[in-house]
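Since every read-out is calculated from the coordinates, none of them should be taken as a lab result. Computed from a prediction, not measured in an experiment: that's the story for all the values here. Positions of Cβ are backbone-derived with ideal geometry, glycine not excepted, and every protein chain shown enters the neighbour counts.
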Amino acid sequence: MRVQRKHVLAATVALAASVVVAVGTGMGFAETAPAGQSACAGSVTFSAEGGAPAATSGQFPVGTRLRVTNLDNGKVATVTVTGPSGSCVLLNAAAMDLVREPGKNVIRRNLVERLDGGAPATGAARPGGGAPAGEARPGNAQPGGAPAASVCTGAITFSAEGGAPAATSGQFPVGTRLRVTNLDNGKVATVTVTGPSGSCVLLNAAAMDLIREPGKNLVRRNVVERLR
């Protein structure tokens, strides 16, 4: 009789465990499969560009189709690259609205997939990368008219991170000091890199406020200098 009761008890425990697993899976509690390899490293953010969902990129050529997944909520945006930027992928406002969580301007856990199967353009920057130090960029000039050497290429944007003026970067290690100049108004922000991102330089809110023009969330004409 005791042996029979043990068998019944074991069967009951096994049945209960299977029910828990089934319920957990149905409600999204079960562990999901690991995300695939992402074509970009670091956080995804956005510019204030209007229009239909789209993106700019410092890695992929114009016309490239990318699928961006927010791994925290499962939302997806499929976008076409319309121009260059200083990020591996920089969404416009409409694309960000498709995948963002309320009140967040940065997607830290993300998956970026290239849908057309091509390779990055020859000579394109690596994810979050910029130009080699000392390479001059056309159109970037200091207020005095002399060409300036920028270590990053493309527009500069910002995250909603708080705190003192700082930046994150996919090119420079933590502790690097950078000087960012807005060539349209001559304003300058000197920042320290505090962590990684998907951009050559991604300012936080306080740093952007030092150099931005009223109503603009993007600094297109800029010079980024590495101080040490």
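Here SER43, SER169 are placed in order of increasing Cβ neighbour count within 10 Å, fewest first, which gives SER43, SER169. A straight chain from LEU115 to ASN217 at 0.36 nm per residue would run longer than the Cα-Cα distance by 33.9 nm. Protection proxy ranking for 156-166, 102-112, 198-208, using the average of other Cβ atoms within 10 Å per residue and placing the highest first: 198-208, 156-166, 102-112.
Partners of LYS216 within straight-line reach, counting aspartates and glutamates whose Cα lies under 16 Å from its Cα and excluding those fewer than 8 residues away in the same chain: GLU49, ASP184. The distance between label points at LEU227 and LYS75 comes to 3.7 nm (points 7 Å beyond Cα on the Cα→Cβ vector).
Placing a pseudo-label 7 Å from each Cα along the Cα-to-Cβ vector at LYS187 and GLU101 gives an inter-label distance of 3.0 nm. Ordered by the count of other Cβ atoms within 10 Å of each Cβ, fewest first, GLU225, GLU49, GLU213 give GLU213, GLU225, GLU49. Partner aspartates and glutamates whose Cα lies under 16 Å from the Cα of LYS187, excluding those fewer than 8 positions away in the same chain, are identified as ASP209, GLU213, GLU225. In this structure, ARG67 and ARG177 have a Cβ-Cβ separation that, at R0 = 41 Å, corresponds to a calculated FRET efficiency of about 0.70.
Backbone geometry of the stretch 62-69 corresponds, through the Karplus equation with coefficients 6.51, -1.76 and 1.60 at θ = phi - 60°, to 3J(HN,Hα) couplings of 4, x, 5, 9, 10, 10, 10, 10 Hz, x marking Gly and Pro.
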